[in-house]
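Report on one structure; see the data block that follows.
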Amino acid sequence: VDGDVEHYQIQQYNSKYVLADAYEFASLEDLVSCFRNQLFYGKTKLRYPVTPQLVERFCM
């Protein structure tokens with residue numbers, strides 16, 4: 001449903017971002033790029049990675 005927030009654990013091993021031991025990405029940008037066109041965990045498409053600047057903007 002639009003507006004719902006779900007949380008997923010992304011591990012970081014050897015400078016790679018890992019999801020459920022099935023996917024490895026060099027950066028969060030690469031992870032988001034992969035799931036822009038296919039469903040993330042079969043539920044939703046991702047739009048953009050969260051950056052420190054974005055967090056600061058929304059937490060003010």
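The values are calculated or read from the model by the stated rules, or taken from the named source; none is laboratory data. Remember, predicted model here, so these are calculated numbers, not experimental data. So basically every Cβ, Gly included, is an ideal-geometry build from the backbone, and we count neighbours across all protein chains shown.
Identify the residue in the range 14-49 that is among the hydrophobic types (A, V, I, L, M, F, W, C) and in contact with a helix residue (DSSP H, G or I) (Cβ under 8 Å, 6 or more places away or on another chain) and, among all such residues, is farthest from G3 (Cα to Cα).
F25
Quick check on the range 1-33: of everything there that is among the aliphatic types (A, V, I, L, M), at pLDDT below 90 and in a loop (DSSP other than H, G, I, E, B), which residue is surrounded by the most Cβ atoms within 10 Å (Cβ to Cβ)?
Out of the qualifying residues, it is I10.
Answer yes or no: is there a residue in the range 34-44 that is modelled with pLDDT under 85 and assigned to a strand (DSSP E or B).
Taking every residue of the range 34-44 in turn, at least one turns out to be modelled with pLDDT under 85 and assigned to a strand (DSSP E or B).
Is there any pair with a first residue in the range 34-58 that is surrounded by 10 or more Cβ atoms within 10 Å (Cβ to Cβ) and a second that is assigned to a helix (DSSP H, G or I) whose Cβ atoms are under 6 Å apart and which are 6 or more apart or on different chains, and what are they?
Cβ pairs passing all conditions: L46/V32; P49/L28; P49/E29; P49/V32.
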